[in-house]
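To start, the structure under review is shown below, and the notes come after it.
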Amino acid sequence: MTPPSWLKHPRHYLFLKIFVWFWITVLATITLLVFLSQLTSNVGSDNLRGPMLKNLQYTAKSIERIVAKHGKSTQEVLSHPRFSKHKLLYLNGDVHGVEMLSEPISKDIDLSLLNFTKYMSPQIIFTDEYQAYGPIELNVPEGKFYLYEIDEKRKKPFFVSLWLMPTWLKLFIALIASLMLSFFFSRNLIAPINSLKETAKKLANGNLAARADVSSTRQDELGVLGRDFNAMAIQLEQLITAQKRLLADISHELRSPLTRLKMATGLAQMQADDTQQAYLERIEKEANQLDKMIADVLQVSRLEAKSQTLSLSTQSLQIIVEHVLNDAQFEAKQSNKVLRVNGALKTDIRCDETLIASALENVLRNAIKYAKHTISINLEESDAIYMTICDDGKGVDEANLARLCEPFFRQEHARDRNTGGTGLGLAIAKNAISAHDGTLTLENQEHGGLCVNIRLPLKSQ
């Protein structure tokens with residue numbers, strides 16, 4: 001019969017690791033308790049009961065009776081083989097600290113540890129050197145004594161040593177052992193999960209080069225998941241990169257036949273009569289529209305690939321905004337819509353004027369197209385430059401909000417170029433702002449309409 005795979009390769013299974021770590025924690029806690037119990041010197045006691053108590057009481061009565069009947073001293077009676085042959089007896093006087101032993105004992109044994117028990121009920125007393133049983137009250141002519149039986153050969157049992165340890169120390173040891181081992185285990189368990197989480201977030205934000213930091217030697221479920229995740233990310237990066245390259249290559253290759261088409265159209269217009277002229281003008285218009293679309297595609301491709309060369313110079317952002325607003329005001333009037341501007345920008349920043357102007361122009365044209373009556377622009381400066389462009393249209397479905405800046409995305413799939421554009425304007429705007437280390441975000445207004453929030457850091461200058 002073939003054994004299951006988890007028995008053949010236990011390191012490859014996370015549930016076995018959790019099981020092993022749990023028992024390592026338990027064993028480590030017990031080991032620490034054992035070790036410290038041997039280092040600490042503790043005295044403890046438990047109630048004496050049963051035959052041992054009765055035997056000790058009988059011994060005390062026998063000593064009292066013999067001393068009274070034969071008139072011998074207590075020490076003589078105590079030293080008689082009848083009492084001293086099989087056990088060591090110890091008498092502790094009630095006053096003056098008088099002590100008697102049935103036979104000499106080792107100097108290492110400290111019987112003074114029993115002093116605190118003289119007035120207690122009969123106990124089993126545990127010390128590091130011996131066990132004692134007593135006290136039993138004993139009255140003889142020399143006075144009142146307390147009888148103990150000493151067992152030198154019996155040390156504290158292991159579990160008694162643990163039991164005698166202070167409660168706070170036992171709790172402290174268990175807490176420290178479990179915390180330390182749980183910390184290392186949780187780090188070993190959570191580290192790859194956190195790496196996967198951070199990498200997934202980076203991939204979602206467009207960083208296709210992000211990879212999870214998972215050891216190649218890790219063979220459990222998390223190691224396999226991490227490597228599969230990285231394989232997926234590599235495949236995703238290759239597919240998207242190939243798609244962008246194909247789009248850029250096709251767009252680039254289209255430029256040449258399109259240029260020849262425009263030249264041929266121009267030559268044909270020179271020789272055409274009035275009837276043919278209208279058709280040739282239509283061909284020229286569509287060719288120019290196609291040329292602009294290809295230029296937009298190439299620009300998006302370069303911006304996404306970060307291969308766009310920025311012509312950086314220190315510019316007044318207010319002047320750039322005003323130039324774009326002049327054209328936007330004209331377009332808004334043609335559509336019977338109002339463009340309102342609040343605030344002004346006083347800071348000069350280092351930027352590519354053409355890219356910034358293109359980004360603002362695309363956002364404004366989009367706002368003018370979908371606004372009902374009013375487009376509002378708010379300009380602010382604080383820790384960064386903030387530009388907010390809002391329209392009073394119907395807004396965008398929340399599910400589509402994050403995708404509006406994707407190339408060729410249209411909220412309504414049935415829209416054509418005249419009603420919905422090519423879907424490249426916001427993509428160009430977002431990538432142009434990102435090229436300047438800024439951010440472009442979209443949000444719906446509470447009472448309808450879309451807001452485009454642009455943030456440009458001041459430190460980029």
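Please treat every number below as a calculation from the coordinates, not as lab data. Treat the numbers as computed from the prediction; the structure is a model and nothing was measured. Cβ sites come from the backbone with ideal geometry, for glycine too, and all protein chains shown count toward neighbours.
Structure summary
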| item | result |
| --- | --- |
| Cross-link pairs K292/K430; K262/K285; K54/K85; K346/K372; K333/K430 - those with Cα-Cα distance over 21 Å | K346/K372; K333/K430 |
| Other-chain or far-sequence residues with amide H under 5 Å of V341's (modelled H) | I377 |
| Inter-site label distance for N47 and Q235 at 7 Å from Cα along Cβ, in nm | 7.3 |
| Computed Kirkwood radius, in angstrom, where 1/r is averaged over Cα pairs of the range 312-460 | 15.6 |
| Amide H contacts of H436 (H built 1.01 Å from N, under 5 Å, at least 5 apart or other chain) | none |
| Ranked by how many other beta carbons lie within 10 Å on average, peptides 275-286, 54-65 from highest | 54-65, 275-286 |
| Inter-part distance where the range 369-400 and the range 180-212 are each reduced to a Cα centre, Å | 36 |
